[in-house]
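Visitor: Attaching a single structure in C-alpha cells format; questions to follow.
Laboratory data are not the source of any read-out in this text; all were calculated from the coordinates shown. This one's a predicted model, so the numbers in the text were calculated from it and none came from an experiment. So basically every Cβ, Gly included, is an ideal-geometry build from the backbone, and we count neighbours across all protein chains shown.
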Amino acid sequence: APLVGNLIGKDHVNYVLMYNMLTGIRIGVSRCQAKIKRPLTDDDFAARHKFSFDIVGNELTPSTTYDFKFKDYAPWVFRTLREDIFHMDPADYLLSLTSKYILSELGSPGKSGSFFYFSRDYRFIIKTIRKEEATFLRNVLKQYYDHVKTNPHTLVSRFYGLHRVKLPRGKKIHFVIMNNLFPPHRDIHETYDLKGSTVGRYYPEEKLQQNPRAVLKDVNWIKRGRQLELGPEKRALLEEQLRRDKEFLKEVNVMDYSLLVGIHDVKRGNTEGVRSETLKVFSPDLPKPRRSMHAPKDAEAMRRAMNASDPKRLGKGKGTIRLPEKDTGDTQREGFLFYQDEGGLRATDDNNEVLGEGSRDDPDGKIYYLGIIDILTPYGVRKKLEHFWKGLKDDRHKISPVPAAEYADRFFSFMKAIMRGGVGGAAFMTEKERD
Ligand code: ATP
Ligand code: CA
Ligand code: CA
C-alpha cells in the first residue's frame with residue numbers, strides 16, 4: 001500500500017486518543033455482541049449509548065488507564081452491517097482492532113484535517129471525521145443500510161462503526177471504522193484519487209522523487225494515458241455497480257467523493273514484503289494464472305447476480321457469476337465481485353482472459369483495488385460557496401464542488417470514459433489544462 005504510517009507508541013501525542021478509541025470499541029462492541037441477535041427496528045438507527053470510563057472502574061465498565069467518555073452510535077445497525085452484509089466474523093473484527101493496542105497513524109493526508117489510523121493487520125482504517133460528517137452519516141444511515149443491503153457488491157466505503165470519544169478537557173472526536181481498500185499483502189505501485197473533475201486535480205510529478213507514494217489525481221491519470229484495463233465482462237459489471245452507487249450518492253445529496261484506484265503491477269511484484277507479522281497467512285505468492293470470472297450474458301441475469309445477498313452463493317446455478325475459490329485468506333474480501341482476485345480486480349483482455357499471463361494483448365498483468373471513498377460531504381452551504389468562488393475563475397462545470405446530481409453524473413461518465421474502450425478522460429479537461 002502507498003500508505004504505511006508510523007506506529008503509535010506510548011510517547012506519541014495521540015497515544016491517549018488511540019488507547020481510548022480502542023478501549024471504547026472493545027467494550028462497546030463486545031457489549032452489543034454479547035446479546036442475542038434480533039431484527040433491526042427503526043429506533044436502532046437513531047440509538048446511541050454512552051459509556052464513562054475512569055481509572056477506578058465500576059460494575060458496568062472496567063477500570064481504564066485514562067478517564068474518558070465514549071459514545072457508540074447505532075450499535076445494532078453496525079453489528080448487522082458487519083455480520084449480515086459485510087460477512088465479517090465478529091471475533092475477527094475485535095481481534096484485529098483490539099487484541100493488541102497497536103495502530104499506525106497516517107497523519108492527515110487530506111486537506112480536511114482528518115487523521116487516519118490502520119489496525120495492526122492493515123485491514124481496517126479508523127478515520128477521525130468532523131462532527132457534521134458524523135451527524136450526516138447518522139441521518140442517512142437507513143438509506144446507506146438499504147443501499148449496501150440491496151447491493152452486496154457496492155464499491156461505496158464499508159462502515160463498520162461510528163463512535164465518539166470525549167477527552168477529559170472536553171474535546172470531542174468522532175470517528176468511523178472502515179475497510180482498507182488496499183491489501184496488506186500486496187505492494188501498490190500507483191495510487192489515484194479520481195473525482196471526474198480536472199481543475200486543481202494534478203499532483204506535480206516532479207515531487208514524486210521525494211514522495212514516491214504520493215496519491216495521484218485525475219490529470220495525472222489522463223496525462224499518463226492510463227486506462228482501466230478490463231475485458232467486456234468485468235467492465236460491464238463494474239459499470240453497472242458504479243451506476244447504482246452514483247444514484248445512491250445522488251439521492252443522499254453528497255459530493256466530493258472519489259474513486260480510489262490502487263494498481264499492483266504483477267511484473268514488478270512484491271518488493272516491500274508483508275507488512276505485518278500476522279499477515280503471513282495471506283497467500284504471499286504471485287497470483288496464479290487463471291481465467292477471469294464468467295459473468296452472465298444477459299442484463300436480467302446480471303442484475304440477479306449482482307443483487308445476490310449472499311455472495312458465497314454466487315457460484316451456484318446457471319447464469320450467475322462464478323467466483324474463484326477463496327484465495328486471499330482474508331474473510332473481509334471473500335466472495336465479493338470486485339475483491340475476487342487477490343483481494344482486487346485483475347486486469348483482463350478483450351476475450352476476458354487475465355492479462356499478463358501469456359495473454360496476447362498485453363504482457364503486463366495488473367490488479368486493481370477500487371472503492372468509493374470520502375462519501376460524507378453533503379452539498380451544503382459550505383460547498384455552495386466554494387462552487388460560487390471557484391466558478392468565477394474556472395469552468396463552473398469542471399471544478400470539483402458542483403451540486404450532488406451533477407457531481408454524480410460527471411463522476412460516472414468519467415469512470416466510464418477511462419475504462420478501456422471508453423472515450424478517455426481528456427474530454428473532461430478544460431482548455432487551459434490541455435495545453
Ligand atoms: P479531503 O476531504 O481533503 O479529500 P479527507 O481527509 O476527507 O480529505 P479522504 O479523501 O477520505 O480524506 O482520504 C484521503 C486519502 O486517504 C485518500 O486519497 C486515500 O489515499 C486514503 N484513503 C482514504 N480512505 C481509504 C480506504 N478506505 N482505503 C485505503 N486508503 C484510503
Ligand atoms: Ca477526499
Ligand atoms: Ca473529505
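Visitor: Give me the distance between the Cα centres of segment 8-40 and segment 384-435, rounded to whole Å.
Guide: Cα centroid of segment 8-40 versus Cα centroid of segment 384-435: 40 Å apart.
Visitor: Ranked by Cβ crowding within 10 angstrom, fewest neighbours first, how are Lys71, Lys10, Lys172 ordered?
Guide: In order of increasing Cβ crowding within 10 Å: Lys10, Lys172, Lys71.
Visitor: Could you please rank Arg396, Arg79, placing first whichever residue has the fewest other Cβ atoms within 10 Å of its Cβ?
Guide: Sorted ascending by nearby Cβ count, the order is Arg396, Arg79.
Visitor: Suppose R0 equals 41 Å. What FRET efficiency, 1/(1 + (r/R0)^6) with r the Cβ-Cβ distance, do Asp67 and Leu40 give to the nearest 0.05?
Guide: 0.80
Visitor: Throw me the Rg/Rh for segment 159-243, computed over C-alpha atoms with Kirkwood Rh, two decimals.
Guide: Reported Rg/Rh (Cα atoms, Kirkwood Rh): 1.09.
Visitor: Additional query: Full extension from Ser99 to Glu357: what is 0.36 nm times the residue separation minus their Cα-Cα distance, to one decimal in nm?
Guide: Extra length from Ser99 to Glu357 when fully extended: 88.9 nm.
Visitor: Please compute the modelled spin-label separation between Val56 and Ser112, points set 7 Å along Cα→Cβ, answer in nm with one decimal.
Guide: About 3.9 nm, to one decimal.
Visitor: If the chain between Leu7 and Arg243 were fully stretched, how many nm would it gain, using 0.36 nm times the residue separation less the Cα-Cα distance?
Guide: Value of the extension gain: 81.1 nm.
Visitor: Tally Lys/Arg at +1 and Asp/Glu at -1 over every other residue whose Cβ is under 10 Å from the Cβ of Gly422; what's the total?
Guide: +2
Visitor: So what are the ³J(HN,Hα) numbers for segment 220-225, from phi and the Karplus equation (6.51, -1.76, 1.60; θ = phi - 60°), rounded to whole Hz, Gly and Pro as x?
Guide: 4, 4, 5, 5, 7, x
Visitor: Need the full-extension length gain, Glu251 to Phe388, defined as separation in residues times 0.36 nm minus the C-alpha distance. One decimal, nm.
Guide: 47.1 nm
Visitor: Percent of alpha carbon pairs in segment 1-130 separated by more than 16 Å?
Guide: 67 percent
Visitor: What ranking do Ser96, Ser197 get, fewest neighbouring Cβ atoms within 10 angstrom at the top?
Guide: Starting with the residue having the fewest Cβ neighbours, the order is Ser96, Ser197.
Visitor: Can you list residues whose amide H is under 5 Å from Gly371's amide H, if they're 5+ apart or on another chain and H is modeled 1.01 Å from N?
Guide: Long-range HN contacts for Gly371: Leu260.
Visitor: Could I ask something else about it? Going highest first, how would you order 116-123, 399-406 by mean Cβ packing within 10 Å?
Guide: For the peptides 116-123, 399-406, the packing ranking is 116-123, 399-406.
Visitor: I've got another one for you. Apply the Karplus curve 6.51 cos²θ - 1.76 cosθ + 1.60, θ = phi - 60°, to the phi angles in segment 168-184 and return the couplings in whole Hz, x for Gly and Pro.
Guide: Whole-Hz 3J(HN,Hα) from phi for segment 168-184: x, 7, x, 5, 9, 10, 8, 8, 10, 10, 9, 7, 6, 5, 9, x, x.
Visitor: State the antiparallel share, in %, of DSSP beta bridges confined to segment 150-274, rounding to the nearest 5.
Guide: If we restrict to bridges inside segment 150-274, about 85 percent are antiparallel.
Visitor: What FRET efficiency would be calculated for the residue pair Glu83, Lys223, taking the C-beta separation as r and a Förster radius of 35 Å, to the nearest 0.05?
Guide: Between Glu83 and Lys223 the formula returns 0.20.
Visitor: While we're looking at this one, here's another question. For Lys149, which aspartates and glutamates qualify as cross-link partners when the Cα separation must be under 13 Å and same-chain residues fewer than eight apart are set aside?
Guide: Those aspartates and glutamates meeting the cut-off are Glu83, Asp84, Asp245, Asp310.
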